[in-house]
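Everything below concerns the one structure shown next.
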Amino acid sequence: MAETLDGTELTCRQIIDFVQAYLDGELPPREQTIFELHLTICPDCVNYLQSYQATQALSKLTGEDEPTESPIPVDLIQAILAARKKT
Amino acid sequence: MSDSPPTMLAGDEVVLLQRLRSGDDAAFAELVQTRGPRLLVVLQRYLPQDQDCQDALQEAFISAFKALARFQGDSSLGTWLHRIAVNCAMMRIRSQKRSRERPIEDYLPKFLADGHRQNPGAAWAITYDTAVADNETRELVRQSIDALPESYRLILLLRDIEERTTEETAELLELSVANVKTRLHRARQALRELLDQHFG
Ligand SMILES: [Zn+2]
């Protein structure tokens, strides 16, 4: 009997477990097909996937801000320069 | 070194590098004064204690001084120093005793017995462009990252913000590659849950 694939073969819980592997292209072809079929029938998982990707993008953005700097203590500068002489 | 200047260095960095390599004391003072403040801010993101940050900064500069001869200029001087500083922070963290943290399960999505999410919530209203333009949004994300359990926060910082590879992250934290992947997924899931309260 020929196997038929549909998105109900995975639960939302399993889909969420697989999100990272899916985005990294690490799911085996069969699982990838089931994963994508699930997305066509489940708006909740589509939302999850999108917000997961947004989370990654937002994290990255926080690293791109120019930090507010303040001068470092003079004695720390001197300690660093003195340590260089000792090595 | 070859005759052609390294590609990733700005003109003034090439000059500074030459002075450093010739052992010019003033050049070392200039490097610490101009680059130190930025590196200290970077370290503060990893190390909560002020004294730790200062010690790590000193370690970072000392290892940078030692590595100067090997620096190829395949990144900017700033990027190179930044990487060294983060590595020093990680060495400190590894050598410190782990404090107990809240279990990550507390932050992960909850499911019903049939495998559906308990509180699926709505699609996020936020767009990338809003986040780029809006300081408050980024501050909120930053605070949410800081609220993650420490060991997960570190993996998220290294992978998604520092953009270190899985392999590098595994090496820095002395974890297996598979473990880094699993933990990164949980860290992102946990952060997504925290942000969902604001954006969902
Ligand atoms: Zn689903």
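The values are calculated or read from the model by the stated rules, or taken from the named source; none is laboratory data. What you see is a predicted model, and the numbers here were worked out from it, not measured in a lab. Note: ideal-geometry Cβ built from the backbone for every residue, glycine included; neighbour counts use all protein chains shown. Keep in mind that these areas ignore ligands, DNA and RNA; they rest on the heavy atoms of the full protein, side chains included. Shrake-Rupley method; radii C 1.70, N 1.55, O 1.52, S 1.80 Å.
At a glance:
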| item | result |
| --- | --- |
| Total formal charge among the other residues, if their Cβ is under 11 angstrom from that of B:PRO120, Lys/Arg +1 and Asp/Glu -1 | 0 |
| Segment A:LYS60-A:GLU36, extension gain: residue separation times 0.36 nm, minus the distance between their alpha carbons | 6.0 nm |
| With DNA, RNA and ligands ignored, accessible area of A:GLU66 (1.4 Å probe; Å², nearest 10) | 140 |
| Those lysines that a straight Cα-Cα span of less than 27 Å connects to A:LYS85, excepting residues fewer than 8 apart in one chain | B:LYS66 |
| Rg to Rh quotient for the protein assembly as shown, alpha carbon positions, Kirkwood Rh | 1.06 |
| Alpha-carbon gyration tensor eigenvalues x 5, square-rooted, for segment A:2-86, Å | 50, 16, 8 |
| Net charge contributed by nearby residues that have their C-beta within less than 15 Å of A:LEU27 (K/R +1, D/E -1) | -4 |
| Mean-position separation - Cα centroids, segment B:169-200 and segment A:17-87, in angstrom | 8 |
| Cut-off 18 Å, label 7 Å out along Cα→Cβ of B:ARG94, residues of segment B:137-151 by amide N | B:151 |
| Coil-residue GluC sites (Glu not before Pro) of segment A:25-87, DSSP, other Cβ within 10 Å capped at 16 | A:GLU26, A:GLU64, A:GLU69 |
| Cysteines without a disulfide-compatible partner [the protein assembly as shown; Cβ-Cβ under 4.7 Å] | A:CYS12, B:CYS53, B:CYS88 |
| Taking the C-alpha atoms of segment B:104-199, convex hull volume expressed per residue in Å³ | 110 |
| Chain B: calculated mean residue ellipticity at 222 nm from DSSP helix runs of at least 4, using -39500 (n - 2.57) | -20500 deg cm²/dmol |
| With at most 11 other Cβ atoms within 10 Å, longest stretch of chain B clear of loop trypsin sites (Lys or Arg not before Pro) (DSSP) | B:1-96 |
| Sum of side-chain charges, A:THR11 neighbourhood, beta-carbon under 14 Å (Lys, Arg +1; Asp, Glu -1) | -3 |
| Spacing of the two label points (7 Å from each Cα toward its C-beta) at B:VAL15 and B:GLN143, in nm | 4.5 |
| Alpha-carbon Debye profile of segment B:1-134, log10 I(q)/I(0) at 0.09, 0.18 Å⁻¹ | -0.47, -1.01 |
| HN-Hα J in Hz across segment B:176-190 - Karplus 6.51, -1.76, 1.60, θ = phi - 60°, x for Gly and Pro | 6, 4, 4, 5, 4, 4, 4, 5, 5, 4, 5, 4, 5, 4, 5 |
| Förster radius 22 Å - calculated FRET efficiency between B:ILE104 and A:ASP17 (Cβ-Cβ, nearest 0.05) | 0.95 |
| Charge dipole of segment A:2-86 about the Cα centre (unit charges at C-beta), most positive-ward option of A:GLY7, A:ALA54, A:ALA79 | A:ALA79 |
| Degrees, to the nearest 10: A:74-86 long Cα axis against longest axis of chain A | 90 |
| Two-site FRET efficiency, B:HIS198 against B:THR34, from Cβ-Cβ distance with R₀ of 35 Å, rounded to 0.05 | 0.40 |
